[in-house]
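Input: a single structure, listed below in structure tokens.
The values are calculated or read from the model by the stated rules, or taken from the named source; none is laboratory data. Everything numeric in this text was worked out from a predicted model, so none of it was measured. Ideal geometry is used to build each Cβ from the backbone, glycine not excepted, and the neighbour counts take in all protein chains shown.
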Amino acid sequence: MGDTAGAPLLVERHGPVGWLTFHRPEVGNAMDAAMMAALPDAWAELDADPGVRAIVVTGAGRAFQTGLDVAQLSRSPEALREMSRRTKRGDLRLTGWHLGVATPVVTAVNGVCAGGGLHFVADSDIVIASTRASFLDPHVSVGQASAFEPIGLARRASFAPVARMALTGAHERVTAAEALRLGWVSEVVAPGGLREAAQRLGERLAENDAAAVAATKRALWRALETGLTRAREENAGER
């Protein structure tokens with residue numbers, strides 16, 4: 001991997017499992033311009049590697065992902081304008097779903113997942129979480145409409161709890177236990193065991209026939225695509 005000091009995104013391989021780790025723990029792993037620029041190449045690198053049979057996404061430190069680093073982006077006007085253009089067009093390039101990644105994606109939520117961080121939960125094939133994880137959508141509390149993230153989550157589970165989270169904004173958090181009950185995550189483990197659980201799950205996926213896994217992933221997402229894509233396009237102008 002070389003020197004990773006200061007890298008906003010770490011790319012690793014452990015056996016058949018590739019890892020993408022948000023690496024800005026001092027700001028809750030919020031996405032700055034450098035992280036957003038690195039994500040498409042990192043996804044493509046792991047997806048193209050025949051030795052990688054599953055990809056795990058997680059965060060460094062105590063937070064998973066807390067959305068855009070607005071303070072940093074405000075110091076980079078071009079990056080802010082580009083993100084605004086992509087959001088309005090519904091042309092985001094952050095998650096495996098956005099970028100057409102064929103490899104199965106496991107999201108391991110290690111802590112707070114807020115705002116834009118919910119993209120990675122909504123767009124993942126499988127989500128597991130630490131008992132320390134929590135989920136919230138603060139967009140409306142800062143005067144922004146929330147569209148893409150709750151639309152994605154609403155097709156993973158029932159509408160009502162997603163609507164409540166989106167409409168209450170920063171005033172309520174969904175715990176890991178509640179996320180498990182709602183079907184947002186499929187497993188909750190102790191904080192110290194999350195990486196091991198994610199690695200084990202990735203290795204379990206890798207034991208299956210790669211072509212069959214890829215075909216199954218395509219079929220499952222195809223069953224959801226029409227409604228999901230249309231809803232996101234229709235809401236693009238609201239952001």
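There is at least one residue in segment 137-144 that is at pLDDT below 95, touching a Lys or Arg at 6+ places or on another chain (Cβ under 9 Å) and surrounded by fewer than 21 Cβ atoms within 10 Å (Cβ to Cβ).
The residues listed here are Trp43, Trp97; of these, the one that is within 21 Å of Ala129 (Cβ to Cβ), modelled with pLDDT of 75 or more and among the aromatic types (Phe, Trp, Tyr) is Trp97.
Among the residues making up segment 26-75, a single one is within 30 Å of Asn208 (Cα to Cα), without any contact (Cβ under 8 Å) to a residue 24 or more places away in the chain and assigned to a loop (DSSP other than H, G, I, E, B): Pro50. Of all the residues in segment 123-144, those that are of a type outside the set (Ser, Thr, Tyr) and over 18 Å from Val56 (Cβ atoms) number 9. Just wondering, is there one or more residues in segment 150-164 that are among the β-branched types (Val, Ile, Thr) and within 17 Å of the chain's Cα centre (by Cα)? Within segment 150-164, one or more residues are among the β-branched types (Val, Ile, Thr) and within 17 Å of the chain's Cα centre (by Cα). Output yes when any residue across segment 123-134 is without any contact (Cβ under 8 Å) to a residue 40 or more places away in the chain, part of a helix (DSSP H, G or I) and closer than 19 Å to Thr66 by Cβ, and no when none is. No, that holds for no residue. Considering segment 184-215, the residues that are aliphatic (A, V, I, L, M) and part of a strand (DSSP E or B) include one that is surrounded by the fewest Cβ atoms within 10 Å (Cβ to Cβ), namely Val189. Only one of the numbered conditions (1) at pLDDT 95 or above; (2) more than 22 Å from Val56 (Cβ to Cβ) is violated by Ala176, and that is (2).
Before we move on, is Ala108 touching a Ser or Thr at 6+ places or on another chain (Cβ under 6 Å) and at pLDDT 95 or above? Criteria met by Ala108. For residues that are among the hydroxyl-bearing types (Ser, Thr, Tyr) and buried (at least 20 other Cβ atoms within 10 Å of the Cβ), scanning just segment 87-133, find the one that is farthest from Val52 (Cα to Cα). Per the stated criteria, the residue is Ser130. Look at Thr168 and say whether it is of a type in the set (Ser, Thr, Tyr), more than 17 Å from the chain's Cα centre (by Cα), assigned to a helix (DSSP H, G or I) and under 27 Å from Asp49 (Cβ atoms). Spelling it out, it is not the case that Thr168 is of a type in the set (Ser, Thr, Tyr), more than 17 Å from the chain's Cα centre (by Cα), assigned to a helix (DSSP H, G or I) and under 27 Å from Asp49 (Cβ atoms). Condition first: more than 20 Å from Glu203 (Cα to Cα), under 14 Å from the mean Cα position of the chain (by Cα) and small (Gly, Ala, Ser). Can you find one or more residues in segment 171-189 that meet it? No: segment 171-189 contains no residue that is more than 20 Å from Glu203 (Cα to Cα), under 14 Å from the mean Cα position of the chain (by Cα) and small (Gly, Ala, Ser). Just to verify a result, which residue in segment 183-239, among those that are of a type in the set (S, T, N, Q) and farther than 23 Å from Pro16 by Cβ, is modelled with the lowest pLDDT? Once the filter is applied, the top-ranked residue is Asn235.
Scanning segment 141-165 for residues that are over 23 Å from Asn110 (Cβ atoms) and of a type outside the set (Ser, Thr, Tyr) yields Val142, Gly143, Gln144, Ala145, Ala147, Ile151, Ala154, Arg155, Phe159, Ala160, Ala163, Arg164.
Checking Val11, Val17 one by one, the residue that is of a type in the set (A, V, I, L, M), free of Cβ contacts under 8 Å to residues at least 40 places away in the same chain and in contact with a helix residue (DSSP H, G or I) (Cβ under 6 Å, 6 or more places away or on another chain) is Val11 and no other.
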